[in-house]
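Data first, discussion second: the structure below is written as structure tokens.
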Amino acid sequence: MECSAWLARDFLARAEAEGLLDNTVVVVASDHLTMRVSAWEQLIQGERDNTFMLLGPGIPVGRESREASMVDVFPTVLEAMGFTIDWHRAGLGVSLLSGEPTLLEAYSKTEINVRMREETALQERLWEGLAPQPQPVTEEHAQVVETPTDATGERPANVQ
């Protein structure tokens, strides 16, 4: 963990020294608490939270602790980048830069977990994503394979 923190700090110091942070929002975030590592037993002893930090122009300096979840990262990053989003909401999340209550602030973690488990269609959609499912190939939509004998003799267009 010390190495990761040192690498992140070194990266930010170099980016700042090169002037890359003047108009850039930097997001430092964890997406899970930890993997099973050699320090696992020590890590699970106490209270743990995901990390989410924003650095950049116009971002308030300071530490804020709110009941939030990873769904709140998306709208928060959008607003940090200067986007205006209706009601400070995107997807299931709420921008942490606003005063609007997050799902966890409005409802308990237990209640949200119960509702998420009840909503199997939502679970399946979140798990499978929005990509369309592959359709069976029919003769009408069979793959066309071109060979040198299929060439038209046209020259490629000039691209500038």
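The values are calculated or read from the model by the stated rules, or taken from the named source; none is laboratory data. Predicted model, so just to flag it, every value in this text is computed and none were measured. Every residue, glycine among them, receives a Cβ derived from its backbone with ideal geometry; neighbour counts consider all protein chains shown. Only protein heavy atoms, including side chains, enter the accessible area calculation; ligands, DNA and RNA are left aside. Shrake-Rupley method; radii C 1.70, N 1.55, O 1.52, S 1.80 Å.
Val37 falls short on exactly one of the conditions (1) more than 28 Å from Leu122 (Cβ to Cβ); (2) of a type outside the set (Lys, Arg); (3) in a helix (DSSP H, G or I), and that condition is (3). Within the stretch 53-62, the residues that satisfy the criterion of being open to solvent by 60 Å² or more (accessible area, probe 1.4 Å) and either of a type outside the set (Gly, Ala, Ser) or in contact with a helix residue (DSSP H, G or I) (Cβ under 9 Å, 6 or more places away or on another chain) (or both) are Met53, Leu55, Pro57, Gly58, Pro60, Val61.
Restricting Leu7, Leu43, Leu21 to those that are more than 20 Å from Ala68 (Cα to Cα), of a type outside the set (D, E, K, R), at pLDDT 85 or above and open to solvent by less than 50 Å² (accessible area, probe 1.4 Å) reduces the list to Leu21. Residues being over 17 Å from the mean Cα position of the chain (by Cα), assigned to a loop (DSSP other than H, G, I, E, B) and touching a residue at least 24 places away in the same chain (Cβ under 8 Å) are represented in the stretch 67-80 by at least one member. Within the stretch 107-118, the set of residues being surrounded by 12 or more Cβ atoms within 10 Å (Cβ to Cβ) and either charged (D, E, K, R) or at pLDDT 95 or above (or both) comprises Glu111, Arg115. Restricting the search to the stretch 90-106, which residues are open to solvent by 40 Å² or more (accessible area, probe 1.4 Å) and of a type in the set (Gly, Ala, Ser)? Answer for the stretch 90-106, where residues must be open to solvent by 40 Å² or more (accessible area, probe 1.4 Å) and of a type in the set (Gly, Ala, Ser): Gly91, Gly99, Ala106. Determine if the stretch 47-58 includes at least one residue that is hydrophobic (A, V, I, L, M, F, W, C) and over 26 Å from Gly19 (Cβ atoms). Looking for residues that are hydrophobic (A, V, I, L, M, F, W, C) and over 26 Å from Gly19 (Cβ atoms), one finds none in the stretch 47-58, hence no.
Please verify whether Thr84 is free of Cβ contacts under 8 Å to residues at least 12 places away in the same chain, open to solvent by 90 Å² or more (accessible area, probe 1.4 Å) and not small (Gly, Ala, Ser), treating the condition exactly as stated. So Thr84 fits the description; yes.
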